[in-house]
Each structure stands twice: as C-alpha cells, then as structure tokens.
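The values are calculated or read from the model by the stated rules, or taken from the named source; none is laboratory data. Bear in mind the structure is a predicted one, so any value in this text is a computation, not a measurement. With ideal geometry, Cβ positions are generated from the backbone for all residues, glycine too; neighbour counts draw on all protein chains shown.
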C-alpha cells in the first residue's frame, strides 16, 4: 500500500475537499444505505427513488475519492464503503443536529440503528 507524505496544510486541504462530498443529500443517503452491507446500483436506485444515471454519477464521485469500492458480479455492480469511519463522521453530525435542534432523540435512535431506506 502506498503511503503518501503530507504536511498539515495539505492534510487540511485534503480534508476540506473530502468533506465537500458530504454536501450532497443523495451522497449521504447512499452512505446510509450502504452502512451495513454492499448494494447494487439498481438496489440503491430503488431505495433512493433516483434514476440510475443520477446514482451512477454520485457513486463515481465517491469511488474516485476512495469512499466506496465496487465489484462486478455478472451484469451487476456492487458498492461498499471502504472505511467504517466514513459512516461515523456523518452519523456524528446527524446526532449533533438532533441535539442542537431539539429533535426527538428516541426517533433518532430508532432510525439510526435500523436499515430503513430513505
């Protein structure tokens, strides 16, 4: 595995660029849907109610940034998350939003632990 050398400024710039990926609700929903298992493009389209071309565009961006990896099985392409921490970050932000905005914590805990599609 290649190890890249960065200084602190490079790391912050990379982090800012990386975090910009999470500014899109569809990408956050893709992560949510992949949190417990890999899924095919068609499964993600059905879960999100979004066209295949739209989902594929977001998947490509996330794959290019090494958030997701894919594998092909027959005609289907399956995606999964490369690192558990990429789920934990957005999840912690959602938890903070629930606390700051005074949203129903019981509801949040219920959906956070479920595999409910969005």
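For residue 17, the conditions (1) in a helix (DSSP H, G or I); (2) modelled with pLDDT of 95 or more; (3) under 16 Å from the mean Cα position of the chain (by Cα) are fulfilled apart from (2). In the stretch 43-76, the qualifying residues are those that are surrounded by fewer than 17 Cβ atoms within 10 Å (Cβ to Cβ) and in contact with a strand residue (DSSP E or B) (Cβ under 7 Å, 6 or more places away or on another chain), and the one that is nearest to residue 27 (Cα to Cα) is 63. Just one of the listed residues (101, 79) is surrounded by 14 or more Cβ atoms within 10 Å (Cβ to Cβ) and at negative phi, and it is 79.
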